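Colleague: Got a structure here, written out as structure tokens. Questions coming.
Every number here is computed from the coordinates shown, using simple stated rules; none is lab data. Since the model is a prediction, treat every value here as computed from it, not as a measurement. Neighbour counts run over all protein chains shown; Cβ positions are idealised from the backbone, glycine included.
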Amino acid sequence: MAAEIRLFPCLTDNFGYLIHDPDTKATASIDAPEAAPILKALEREGWTLTDILITHHHHDHVGGVAELKQKYGCRVVAPHDKSTKIANADLRVGQGDIVKVGALLGRVLETPGHTLDHVSYVFDNDKALFAADTLFSIGCGRVFEGDYPMMWGSLLKLRALPDDFKLYCGHEYTAANIKFALTIEPDNAALKARAEEVTRLRAANKPTIPTLLGEEKKANVFLRADEPSVAAGVRMKGRGAAEVFGELRERKNKS
């Protein structure tokens with residue numbers, strides 16, 4: 001049976017996610033920004049938390065872990081420590097590892113750049129990508145601990161996934177990302193269509209996530225740093241993709 005995925009807001013602009021296996025009743029939280037909204041979502045669904053899958057060490061992704069672990073005794077899966085110790089971890093994972101949530105299989109991709117320890121979880125059978133702060137809709141995370149070639153390499157890993165996969169990211173940043181992206185590719189039809197869709201969704205107070213990875217490949221300038229139109233948009237025609245990506249990220253940092 002297919003996984004059931006629930007999305008809900010946490011903190012100011014984080015997304016919380018639960019992924020549930022109907023057959024075994026196992027339920028994982030992808031990160032734990034804060035405990036209260038996760039507890040509320042579990043209660044609403046009648047689910048019991050069995051696992052927490054951590055993507056990286058930033059507090060707005062692990063702030064609720066200790067309370068949830070104390071309440072449920074759930075297993076905490078985390079990437080290997082690279083810069084900051086991740087507390088409460090029961091299992092460490094890296095590139096290519098498989099994490100089981102009941103009968104659901106999550107494949108680990110190391111996607112460093114935002115932090116050195118960042119991983120993404122790919123549920124191939126359910127066509128779901130949990131990319132946290134590596135890839136946002138029409139954006140990507142700031143590069144705090146890695147460098148621009150490292151982050152570009154991580155984005156290429158995610159871009160290689162099939163178009164029909166759904167992207168579940170860490171924050172509701174889409175509207176701001178679109179505003180920036182339109183300064184780079186103002187004539188991109190897919191980007192303009194996404195802008196209209198996001199305006200409608202936000203006006204209705206609905207989340208802009210999930211979105212199809214195939215649509216991101218057409219509209220997300222950060223996934224398109226190797227496209228001539230994007231290089232032209234930052235006056236870097238003929239330059240390498242990682243260099244173009246770095247310029248995009250620098251500009252976004254200042255926007």
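Colleague: Give the residues of region 23-40 that are touching a strand residue (DSSP E or B) at 6+ places or on another chain (Cβ under 6 Å) and closer than 15 Å to A3 by Cβ, sorted by residue number.
Modeller: So the first thing to find is which residues in region 23-40 are touching a strand residue (DSSP E or B) at 6+ places or on another chain (Cβ under 6 Å), and the list is 26-30, 32-34, 37-38.
Correct list: A26, T27, A28, S29, I30.
Colleague: Related question: Within region 30-68, work out how many residues are among the β-branched types (V, I, T) and not in a helix (DSSP H, G or I).
Modeller: So the answer is 6.
Colleague: Taking region 159-179, which residues are of a type outside the set (S, T, Y), in contact (Cβ under 8 Å) with a residue 60 or more places away in the chain and either farther than 24 Å from A232 by Cα or touching a Leu at 6+ places or on another chain (Cβ under 9 Å) (or both)?
Modeller: R159, C169, G170, H171, E172
Residues are listed down the side, and each one gets a yes or a no for (1) touching a residue at least 12 places away in the same chain (Cβ under 8 Å); (2) of a type in the set (D, E, K, R); (3) in contact with a strand residue (DSSP E or B) (Cβ under 7 Å, 6 or more places away or on another chain); (4) part of a helix (DSSP H, G or I):
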| position | (1), (2), (3), (4) |
| --- | --- |
| R200 | no, yes, no, yes |
| K218 | yes, yes, no, yes |
| A231 | yes, no, no, yes |
| R235 | no, yes, no, no |
| V244 | yes, no, no, yes |
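Colleague: Please give the number of the condition N205 fails out of (1) more than 21 Å from I5 (Cβ to Cβ); (2) of a type outside the set (V, I, T); (3) surrounded by fewer than 20 Cβ atoms within 10 Å (Cβ to Cβ).
Modeller: (1)
Colleague: For region 175-191, enumerate the residues that are surrounded by 15 or more Cβ atoms within 10 Å (Cβ to Cβ) and outside any loop (DSSP other than H, G, I, E, B). Reasoning before the result, please.
Modeller: Of all residues in region 175-191, those surrounded by 15 or more Cβ atoms within 10 Å (Cβ to Cβ) come to 175-178, 180-182, 184-185, 188, 190-191.
A175, A176, N177, I178, F180, A181, L182, I184, A190, L191, listed by residue number.
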